[in-house]
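The values are calculated or read from the model by the stated rules, or taken from the named source; none is laboratory data. Everything numeric here is computed off the predicted structure, so don't read it as measured data. Heads up, the Cβs are rebuilt from the backbone with ideal geometry, glycines too, and the neighbour counts pull from every protein chain shown.
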Amino acid sequence: MRLNILLVTFALRNPQRDYESFFVTLRGTAFQWWHFLDQTYIVVTQFTPKELRERLVPQMEPTDHFLIVPVDPQQADGWLPKTAWEWMVQTGQALQKQLPE
């Protein structure tokens, strides 16, 4: 099984809706997840962006939006707490070990 690191960022726009099923689905598809930024998760999952999209869409309203992008932790940069970078580095290294030589 190949694991992917995916960034999922979203705008859930209906204040009357309970989005718990969206978050249960998102976190439930992940072996690990990271949530240091509002409306953004990074998940380690067996699913491709398209497969994850297919699971999330039924949990959303037509006015909601999201973007799923593969992440290469070695290419990431930004301004985050040290623990966020440690998670990214450790996760990237663990997944790198799984790749065939």
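Remark: pairs (first residue in the range 6-30, of a type in the set (Gly, Ala, Ser); second residue surrounded by 14 or more Cβ atoms within 10 Å (Cβ to Cβ); Cβ separation under 7 Å; 6+ apart in sequence or on different chains) = Ala11/Asp64; Ser21/Gln59; Ala30/Val43; Ala30/Val44; Ala30/Thr45. Filter the range 72-90 for residues that are farther than 20 Å from Pro49 by Cβ and in a helix (DSSP H, G or I); which is farthest from the chain's Cα centre (by Cα)? The residue in question is Lys82.
Which ones in the range 1-42 are charged (D, E, K, R), under 22 Å from Leu95 (Cα atoms) and at pLDDT 95 or above?
Narrowing the range 1-42 to residues charged (D, E, K, R): 2, 13, 17-18, 20, 27, 38.
In the following step, the residues that additionally are under 22 Å from Leu95 (Cα atoms) were identified as 2, 27.
Within the range 1-42, just Arg27 meets the criteria.
Residues that are at pLDDT 95 or above and of a type outside the set (Phe, Trp, Tyr) within the range 63-80 comprise Thr63, Asp64, His65, Leu67, Ile68, Val69, Pro70, listed in sequence order.
Among residues of the range 69-83 that are surrounded by 11 or more Cβ atoms within 10 Å (Cβ to Cβ) and among the charged types (D, E, K, R), none has a beta-carbon under 9 Å from a residue that is in a loop (DSSP other than H, G, I, E, B) and at pLDDT 95 or above at least six positions away or on a different chain.
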